[in-house]
Amino acid sequence: MWKDKAIKLSFLGVASTSILIMLLIFIFLFKEALPFIKHPGLASLLDSKWLPVSFQEERYGLLPLLTGTGLITLLAMAFAVPASVLSSIYIAEVANPSEKEILKPFIELLASIPSVVLGFFGLIVLAPLVKSVFGLNSGLNALSGAILLALMATPTIISVSEDAINSVPSAYKNASLALGASRMQTVFKVVVPAALPGIVAAVMLGAGRVIGETMAVLMVTGNAARITGNPLESVRTMTATIAAEMGEVPFGSTHYQSLFWIGILLLIMTFSLNVVAQRVLKKYGMFR
Amino acid sequence: MNYFKKFLFVISLLGFAFSTGCSDGGDQTSEGKKTSAEARYLTIKGSDTMVHLVSSWAEQFMTDHPDADLSVTGGGSGTGIAALLNGTTDICAASRKIKKKEMDLAASKGISPVEYEVALDGIAVVVNPANPINELTLEELRKIFTGAVSNWAQLGGPDKQILVMSRESSSGTFVFFQKLVLEKRDYTDKALFMPGTSAIINNIVNDQWSIGYVGLGYTKDAKDKIKVVNVAAKKGSPAIIPSEISVKDGSYPIARPLFLYTAGPASGIKKDFIDFALNNSGQKIVRETGYVAIR
């Protein structure tokens, strides 16, 4: 029947819009960034300095931005992963239903706080705190940014890894308990290892969120473009750079194109993290 | 089952209507803008430094002309000029002169921007009130902001690291300060880049050994929490307090004109607004918001 076919086609069209949009974004980004390859050339993106506005020599090195994003992501994950994985184990395996009923909505609430609000909290409360605890000149550094980002990544990691833990067949658990293992032994030696691929995927999704986050880091990291591994120094992330500079930049200029290269790089990073996470989930049959 | 199919069909029709409606909508807004521009609608975009001033003007202008509808947004002088060239704003507020690069871009689009000088602004160098330093020379400022001097002891202060705070590169103030005080050198890579003037003031208040620069207009409201440093043009010459008199007579070394730009000579409501900004009541608002009037 033609009607059925028409409807099916139109539904397919609507459903594949997101793929189309994704493709268009990639094409658009590359189109805007392309002239950079001719002048000043891709090698200049490997410079060690990010100085897009300068009367001396404009430099478009993405390395300080990459290391900034890397440092913050690693730190944030170091805070977020242990806390959220333990929370998800608690919620899935240990908590009684009434505890679950209180914990879950609050964790979801944390996910719904706008990042600007968290950034403001970071600027007013967290940065001065970090400053006084470590006796620093300023609290605007990678550590403050990482703590805020850890807060943002936790809900994602908790809910995805909780799903993973819940999807472990109860036969595993029952068998373990029947063999005389204690509840803790069952959780840590049977359930968690079985859910590990899902937990890994959850961590990756959380990392994707951290890398892509903009507002909060723009407000609390100080945005000094320096290559550093010290969490108590100020760093500049890729997202913050785009957010802070995109508004001003003259259209079509080299600076403008270099910002699009940051965008491309970011997109590739988060895209591949997501793809890998989805693959892992799918492979182990933990797809939600 | 039949009903279900009909339902699906209606939904898909709606989907189509929605998707085609979207593309139509885009055209409509640009047309709608044209007609409402005749109904005295005006957008002003640009310098963050000038947002306070321009929105005060806009408020008074709308009280005087009830039929006018003005919208004022910031984003930086560069943003404003880009918007002017793209035709997304009627007037651009800029705290720097239009660059050669931007003029070329305008020419390629067939636009000839017209410049109106509307006020003067001094850039104040601010520190925490607990800092004993009261005066600095332009050379000392340059050394601080380029990183050649990194401890207050080198300037006669206590043995504390200097925390340098700058605006983001999208700010007109950033470029002006870089040109005039840093003599076109680059800022130190230890400088923290703040997304706005209020962020700088907030950090000056929090971090005792920091130094930053803000538009003179912003120092008025935060008077008790920050200290404005007197600046001397040269070693040995008197350090000048940034004020209306010292900016106007040119003795304060870090001052600049503020501009409004239009694409082509202003006419209609654009001309009315610029005339208003330059007349007595407009210039009175300039003084009230902490800037320096030009007449």
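Miscellaneous remarks
- ³J(HN,Hα), Karplus 6.51/-1.76/1.60, whole Hz, each residue of the range B:239-253, x for Gly, Pro: 7, 9, 6, x, 8, 4, 5, 6, 6, 5, 7, x, 7, 6, x
- Peptides A:39-50, B:114-125, A:211-222 ordered by packing proxy, namely the average of other Cβ atoms within 10 Å per residue, highest first: A:211-222, B:114-125, A:39-50.
- The convex hull around the C-alpha trace of the protein assembly as shown, projected and averaged over every direction, spans 35.0 square nanometres.
- Legend: residue pairs B:Lys101/B:Lys179; A:Lys49/B:Lys143; A:Lys173/A:Lys283; B:Lys184/B:Lys225; B:Lys179/B:Lys234, Cα-Cα distance threshold 24 Å; pairs beyond threshold, B:Lys184/B:Lys225.
- For the range A:162-235, size of Cβ-based charge dipole, Lys and Arg +1, Asp and Glu -1, in debye: 240
- Within a Gaussian network of chain B (alpha carbon springs, distance under 10 Å), most fluctuating of B:Lys235, B:Lys143, B:Lys284: B:Lys235
- Across peptide A:55-61, the average count of Cβ atoms from other chains found within 10 Å of a residue's Cβ is 2.
- Cβ-based net charge around A:Ala111, under 15 Å, with every Lys or Arg adding one and every Asp or Glu removing one: -2
- If you take the alpha carbon atoms of the range B:173-265 and fit the smallest convex hull around them, that volume is 159 Å³ per residue.
- Peptide B:195-204, shielding by other chains (average Cβ, 10 Å cutoff): 2
- Globularity index of the range B:249-295, i.e. its alpha-carbon radius of gyration over 2.2 N^0.38 Å: 1.33
- Contour excess over end-to-end distance, with Cα ends at B:Arg295 and B:Val205 and 0.36 nm allotted per residue: 28.9 nm
- Sorting B:Val286, A:Val276, B:Val54, A:Val187 by the number of Cβ atoms found within 10 Å of their own Cβ, with the fewest placed first, yields A:Val276, A:Val187, B:Val286, B:Val54.
- Among A:Phe251, A:Phe30, A:Phe11, residue whose mean-square fluctuation peaks in a GNM of chain A (springs only between Cα atoms under 10 Å): A:Phe11
- Label separation (B:Lys271 vs A:Ser44): 4.4 nm, computed from points 7 Å beyond Cα along the C-beta direction.
- With the cut-off at under 13 Å, measuring from each backbone N in the range B:215-251 to a point 7 Å along the Cα-to-Cβ line of B:Asn134 picks out B:228-231, B:239-241.
- For B:Asn86 and B:Tyr116, the FRET efficiency from 1/(1 + (r/R0)^6), where r spans their Cβ atoms and R0 equals 22 Å, is about 0.65.
- Amide hydrogen proximity for B:Ala119: with H placed 1.01 Å from N in the peptide plane, the residues at 5 or more positions away or on another chain lying under 5 Å are B:Leu258.
- The largest-to-smallest principal axis extents of the Cα set in chain B are 87, 52, 38 Å.
- Ratio of the Cα radius of gyration of the range A:17-149 to 2.2 N^0.38 Å, where N counts its residues: 1.50
- One quarter of the convex hull surface built on the alpha carbon atoms of chain A amounts to 21.5 nm², the projected area averaged over directions.
- Available extension along the chain between A:Leu110 and A:Gln185 is 23.9 nm, counting 0.36 nm per residue and deducting the alpha carbon span.
- Inter-chain Cβ neighbour average for residues B:161-170, partner chain, 10 Å: 5
- Value of [θ]222 nm, deg cm²/dmol, for chain B, DSSP H segments ≥ 4, -39500 (n - 2.57) each, nearest 500: -13500 deg cm²/dmol
- Just checking the listed ones, B:Leu180, B:Leu85, B:Leu258: in the Gaussian network model of chain B with Cα springs under 10 Å, the one fluctuating most is B:Leu180.
- Between A:Ser132 and B:Lys220, the FRET efficiency from the beta-carbon distance, with R0 = 25 Å, is close to 0.25.
- Take every pair of alpha-carbon atoms less than 8 Å apart whose residues are at least six positions apart; their mean separation over the length of chain B yields a relative contact order of 25 percent.
- Efficiency of FRET from Cβ geometry, A:Glu57 and B:Ala148, R₀ 22 Å, rounded to 0.05: 0.75
- Electrostatic dipole magnitude of the protein assembly as shown [Cβ: Lys, Arg +1; Asp, Glu -1; Cα centre; debye, to 20]: 1260
- All alpha carbon pair distances within the range A:105-219 were sorted into 10 Å bins beginning at 0; the resulting P(r) in whole percents reads 14, 32, 25, 18, 10, 2.
- The relative contact order of the range A:176-267 comes to 19 percent, based on Cα pairs under 8 Å that sit 6 or more residues apart.
- Residue by residue, the range A:221-229 carries 3J(HN,Hα) couplings of 9, x, 6, 8, 7, 10, 8, 8, x Hz when phi is fed to the Karplus relation 6.51 cos²θ - 1.76 cosθ + 1.60 (θ = phi - 60°); x denotes Gly or Pro.
- Candidates A:Ala178, A:Ser272, A:Gly252 compared by Cα position along the dipole of the range A:164-288: farthest toward the positive end lies A:Ala178, with charges placed on Cβ.
- Between A:Ser272 and B:Ser281, the modelled label-to-label distance comes to 6.2 nm, taking each label 7 Å out from Cα in the direction of the beta carbon.
- Computed from backbone phi, the HN-Hα couplings of the range A:147-152 come to 4, 4, 5, 4, 4, 6 Hz, rounded to whole numbers (Karplus: 6.51 cos²θ - 1.76 cosθ + 1.60, θ = phi - 60°; Gly and Pro given as x).
- If a spin label sat at a point 7 angstrom from the Cα of A:Leu34 along the line to its beta carbon, the backbone N atoms of the range A:239-263 nearer than 19 Å would be those of A:251-263.
- Cut-off 19 Å, label 7 Å out along Cα→Cβ of B:Lys234, residues of the range B:126-156 by amide N: B:136-143
- The local environment of B:Leu53, defined by Cβ-Cβ distances under 13 Å, has a net charge of -1 under the rule Lys, Arg +1 and Asp, Glu -1.
- Sum of side-chain charges, A:Lys173 neighbourhood, beta-carbon under 13 Å (Lys, Arg +1; Asp, Glu -1): +1
- For chain B, a simple Cβ point-charge model (Lys and Arg +1, Asp and Glu -1, everything else neutral) yields a dipole of about 580 debye relative to the Cα centre.
- Ranking B:Ile98, B:Leu138, B:Ile123 by how far each Cα lies toward the positive end of the dipole of the range B:85-196 (charges on Cβ) leaves B:Ile98 at the top.
Values in this text are rule-based calculations from the coordinates and carry no lab data. None of these values were measured; they are calculated from a predicted model. Backbone-built Cβ (ideal geometry, glycine too); neighbour counts: all protein chains shown.
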